[in-house]
């Protein structure tokens, strides 16, 4: 690829101008095994994600593929990182005999020559059923349709609060479809979208069993002497196991509303009523702050937690 054209491509990505990239990519080609228009759409989604997190442009760096066993190992690549968010992605390109772009694709292990402020790596959202050569089987089509229809049932509530009774009933109705996945899917879009939504709501529902215990924990704090460190440690040790049980679903699977007084949880563009979860959420975040502060400041507490971790096999670090 002529240097001037490559520099224009880099500039188009730096400026997050999909129209500029569109002009520079040769027509009638597959990129990462998907149609050109599909690849451009996936790149634009990365641009939008960066813009949503405050980026006005991307910072370009030259990188080198460091993937073990990758046929492009040692080849030069292009790394782009948001100027504010620190999020970014890494691309490589190959050229044909005429010097034009033959393919442009993401690199999963990019080695940079200088330090980078990259805080999160983004990836092009390309799945197997996006690829041009994908031929679905009749059983795949049937299951894919069931997943899509299940999500469409929720989609009619997208602009309103989904009551707890509604989403719990949805879980019951589609339980067998969820159980038909032996392992979490990661290659096919409808499968992934359905499984992720179901699993997150299931985790949310399961958190309800901690509601009463969370209320008891919070009420116990009201009668404790804030100056009595021994009482603080006793409370933390008593509820430590419950915190380790509930923190993973809440922290990694559900994006909770930033205002904890609101009895709802926002996830994937939906608003789910979750009044019974609010005490669990409050307990979880209060415990987390207090636990790590005490762990850093109090040697006795730190030793007790380390001993407890060894006894139970729980490690929350």
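Label 7 Å along Cα→Cβ of residue 131; segment 4-42 residues with amide nitrogen under 19 Å? Under 19 Å, as judged by backbone N against the label point of residue 131, lie 29-42 of segment 4-42. Model label sites at residue 102 and residue 171, defined 7 Å from Cα along the beta-carbon direction, differ in position by 5.1 nm.
Label-to-label distance for residue 302 and residue 202 is 4.0 nm, based on points extended 7 Å past Cα in the beta-carbon direction.
Mind checking the angle between helix 3-14 and the chain's longest principal axis? C-alpha axes, 0 to 90 degrees, to the nearest 10. Approximately 30 degrees, to the nearest 10. Taking the C-alpha atoms only, the angle from helix 278-297 to the longest principal axis of the chain is near 90 degrees. Here semi-axes √(5λ) of the Cα gyration tensor in Å was computed from the coordinates, and among [x] 41, 25, 15; [y] 36, 28, 18; [z] 44, 28, 18 the match is [z].
Quick one: order 50, 70, 38 by neighbouring beta-carbon count within 10 Å, fewest to most. Walk me through the intermediate numbers first.
Values: 50 25, 70 14, 38 18.
Lowest to highest Cβ neighbour count: 70, 38, 50.
Between helix 229-248 and the chain there is an angle of about 40 degrees, using the helix long axis and the longest principal axis of the Cα atoms. As a rough footprinting exposure proxy, the listed residues 126, 182, 13, 289 were ranked by other beta carbons within 10 Å of their own, and the order from fewest upward is 182, 289, 126, 13.
Taking the fewest neighbouring Cβ atoms within 10 Å as the starting point, the ordered list for 265, 135, 277 is 135, 265, 277. In vacuum, with every alpha carbon of segment 3-130 counted as one equal point scatterer, what does the Debye formula give for log10 I(q)/I(0) at q = 0.09, 0.11, 0.21 Å⁻¹? Two decimals, please. For segment 3-130 at q = 0.09, 0.11, 0.21 Å⁻¹, log10 I(q)/I(0) is -0.23, -0.35, -1.41.
222 nm [θ] for the chain, helices only, -39500 (n - 2.57) per DSSP H run of 4+, per residue, to 500? Taking each H run of at least 4 residues, the total per residue is -15500 deg cm²/dmol. Would you mind getting me the FRET efficiency between residue 48 and residue 213? Use the beta-carbon distance for r and R0 = 25 Å, nearest 0.05. Computed FRET efficiency for residue 48 and residue 213: 0.05. Computed packing ranks the peptides 293-300, 214-221 as 214-221, 293-300, most packed first, by mean other Cβ atoms within 10 Å. So in segment 3-130, what percent of DSSP beta bridges are antiparallel if you round to the nearest 5? For segment 3-130, the DSSP antiparallel bridge percentage is about 90.
Only the coordinates and a few stated rules stand behind these numbers; no lab work does. For clarity, every value in this text was computed on a predicted model and none was experimentally measured. No Cβ is skipped: glycine too gets one built from the backbone with ideal geometry, and neighbour counts run over all protein chains shown.
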